[in-house]
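The values are calculated or read from the model by the stated rules, or taken from the named source; none is laboratory data. Not measured: the values here are computed from a predicted model. Cβ atoms come from the backbone with ideal geometry, glycine included; neighbour counts cover every protein chain shown. We work out accessible area using only protein heavy atoms, side chains counted, and drop any ligands, DNA or RNA first. Shrake-Rupley method; radii C 1.70, N 1.55, O 1.52, S 1.80 Å.
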Amino acid sequence: SKRFNIVICADSINFWGLKLTRDFPGQENIEGDFKLTYRSLLNKLYAFGRNNFGQLGIGYPEDMNVSIPVLISNFIYVSMVACGQDHTVVIADDKLYGFGNNRHGQLGLGDIRIARINHPLLISDTPGFSYVACGREHTAVIHTGRLYTFGRNDAGQLGLQHLRDIWIPSQVTELTNVTMVACGSYHTAVI
């Protein structure tokens, strides 16, 4: 049977130099395209489990549960993924994508008329996303040290000084130099 592991990778040249040297002994000065290709092989995204809103992003019909890992093939290099109750948000190929339940705008697409998205849709193609976290029905992302939140906001979990749902990423202006964010069902914590 196949084994699936979670791999946490760094973008540091020292990290990749040591990793490539260890994994390919005898090779010297492995750089450029090979390093990028090797790194991308380690960062593919698989999904499995409940799919009632398309939150697996694999294009299967909703309400079809999946009991084995299925590759989400749209991405070349995935740096981070977060799952809410019925939605998923991914930082991949230096862009932000979302799929699954969008009833409260938690996919950040600016429109809630399409409540079920069963394949990755682009939220933003602006480079600089470093972190993503999902609560039950809200999402928080870090972009160039700034915190952006969107989705359900009935408990103030978006940190935007009101209780309205937000359908697009909105900056929490009180915070700068944000390095990490975590979301609970109805709350958000930031470092």
With 0.36 nm assigned to each residue of separation and the Cα-Cα distance removed, ALA155 to ALA182 gains 8.1 nm
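Sort the following peptides by mean Cβ neighbour count (other Cβ atoms within 10 Å, averaged over residues), highest first: 147-156, 94-103. Show your work: numbers first, answer last.
Numbers: 147-156: 21.8, 94-103: 23.4.
The packing order, highest mean first, is 94-103, 147-156.
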Could you give the length gained by full extension between ASP125 and ASN65, i.e. 0.36 nm per residue of separation minus their alpha carbon distance, to one decimal place? 18.6 nm
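Length gain on complete extension for the stretch LYS44 to ALA189, per 0.36 nm per residue less the alpha carbon to alpha carbon distance?
Working: separation 145, 0.36 × 145 = 52.20 nm, distance 2.78 nm.
Result for the pair: 49.4 nm of gain on full extension.
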Points 7 angstrom from Cα along the Cβ direction at ASP111 and SER73: gap in nanometres? 2.7
Solvent-accessible area of SER67 with every protein chain in place, 1.4 Å probe, in Å² to the nearest 10: 110
